[in-house]
Structures are given as C-alpha cells and as structure tokens.
Amino acid sequence: MYIKNPMDIENKSMDIIDEVMGDTSFNEEEMIIAKRMIHTTGDFEYRKIITFQNDFIAEAKKAIQSGSRIFTDTKMAYTGINKPALAKANSELRCFIDDERVFKMSKEKYTTRSACAVDLAVEEGIDIFVIGNAPTALYRVLELVKEGKLVPKFVVGVPVGFVGAAESKEYLREFDIPAISTVGNKGGSNVAASIINALLYMVVGR
C-alpha cells in the first residue's frame, strides 16, 4: 500500500534524509534548509556542498519578518515559492525576466536578460536576491555591490550549469554578504525556491 497523504509523504522523506545527515555539522536551522534542498532534488550530495556565510539565516529571517521585496531570476523559482507563506510574511516576490524593459536593456547592453533584470530590480529598490539559474544574474549582483550601488540584505546564490555557475558562486563567497551557495555546478531554480520556502516556514509556519 503506497502513501497517499502529502504530509505523510513529506515526513517519510525527511526521515529518510535524516538517516544520511550524521556526517554533517549543520546547526538546527541550517539542517532544516539543507534537508529541504535535498528533499527538492533527491540528491544526498547536497549535504556536502552547501555553504552558509555571514549569519545568513538570522539575517534572512530578520528581513522576511520585517516584510520584504524579493527578486528571483526565473519564473520557475517564482512559481515554486509558497505564495500563502509569502503573504503571511507580508512579502512581495518579483521576476522581471519577461519585462519589456529588460528585453530593451538586453539589446542595448549586449548582455543577458537575467543580468538586466537585476539592474531593473535595483532601480526599483529591491535588495534581496534569489538566483537559481543564471550565473550572469549573480555576477551582476556582485558587480553592483562592488560598485557601491547595492547592499543586499541577503543573497541566495545557487545558479546551475557548466558555464560560470561554479565560478559565480565562488565569487559570491568572497563577499561580506549574508548568503547561501552551493559548491560546484549543482543548483537550480527549484533549489532556490526550496531555500526561500524553508525560511518562510521558519518565520510564519506552514
């Protein structure tokens, strides 16, 4: 007989994940996020590649508790973030990848729409960045930080792929920014969404 209840399925999954987490040194809240990332991907290797820096969880929770505007680089991450929990946190999620202004900026600057979407987000005063797909978006966030044009409250930096993904995350880890990242080429929009959902559940519950 297979398990039908969604929460029973999730709880059983978390029990299975617990069995392999004995070789990690995450604290209680880090463990919650790490387990949700593994649950989302079905990949136990994540427990070895997750990096937290500069009091990421405390700073992220503080930002969410005060109501926040969050940028994400893809519609997939946008779709995956829990909207009822977001509403409970009085927070707003924005994705500009299909914005006409971004198309225009991309053509004018000869760069990716993902990078231009970051510029538009900063113009609109957004200071929380959730990057799950495009290394160019993460690089652009960090360029703006280096130029003194942006001070992020926190960054989720988990772009995926073989061109620039690992390098952009390694660069993120050089900055004094509250952030979470993954070492290597793994990541993705689903991973980025899982991190935000874990934080939201910590702040407002399910």
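The values are calculated or read from the model by the stated rules, or taken from the named source; none is laboratory data. From a predicted model like this one, the values you see are computed outputs, not experimental measurements. No Cβ is skipped: glycine too gets one built from the backbone with ideal geometry, and neighbour counts run over all protein chains shown. These area figures cover heavy atoms from the full protein model, side chains too; ligands, DNA and RNA do not enter into them. Shrake-Rupley method; radii C 1.70, N 1.55, O 1.52, S 1.80 Å.
For region 103-145, what ratio Rg/Rh do Cα atoms give with a Kirkwood hydrodynamic radius?
0.93
I'd like the Karplus ³J(HN,Hα) series for region 59-74: coefficients 6.51, -1.76, 1.60, θ = phi - 60°, whole numbers in Hz, and an x wherever there's a Gly or Pro.
Result, rounded to whole Hz: 5, 5, 4, 4, 5, 5, 5, 8, x, 8, 10, 10, 9, 10, 7, 9.
For region 1-107, report the convex hull volume of the alpha-carbon atoms normalised per residue, in Å³, without decimals.
170
Let me know the shape class of region 73-170, please: from the alpha-carbon gyration tensor, a ≥ b ≥ c as square roots of the eigenvalues, rounded when a/c is under 1.5, otherwise prolate if a/b is greater than b/c, or oblate.
rounded
Heavy atoms only, 1.4 Å probe, whole protein assembly: order Tyr78, Tyr110, Tyr46 by accessible area, highest first.
Descending order: Tyr110, Tyr78, Tyr46.
Per residue, how much accessible surface does the chain expose to a 1.4 Å probe? Answer in Å², no decimals.
I get 49 Å² per residue for the chain.
Most fluctuating residue of Phe44, Phe71, Phe154 in a GNM of the chain with Cα springs under 10 Å: which is it?
Answer for the Gaussian network model of the chain: Phe44.
In whole Å, how far is the Cα centre of region 165-189 from that of region 50-123?
The two parts, judged by their Cα centres, are 16 Å apart.
At 222 nm, what value in deg cm²/dmol follows for the chain if DSSP H runs of at least 4 each add -39500 (n - 2.57) and the sum is divided by all its residues, to the nearest 500?
After summing the helix terms and dividing by the residues of the chain, the value is -15500 deg cm²/dmol.
If the cut-off is a Cα-Cα distance under 16 Å, which lysines reach Lys61, setting aside same-chain residues fewer than 8 apart in sequence?
Lys88, Lys153
From the Cα trace of the chain, what convex hull volume per residue do you get, rounded to a whole Å³?
Per residue, the Cα convex hull of the chain comes to 126 Å³.
Any idea what the relative contact order of region 6-128 is, in percent, if you count C-alpha pairs under 8 Å spaced at least 6 apart?
Result for region 6-128 is 20 percent.
Exactly which trypsin sites (Lys or Arg not before Pro) in region 15-57 are in a DSSP loop and have at most 10 other Cβ atoms within 10 Å?
Qualifying residues, ordered by number: none.
What's the carbon and sulfur percent of the chain's accessible surface, probe 1.4 angstrom, rounded to a whole number?
51
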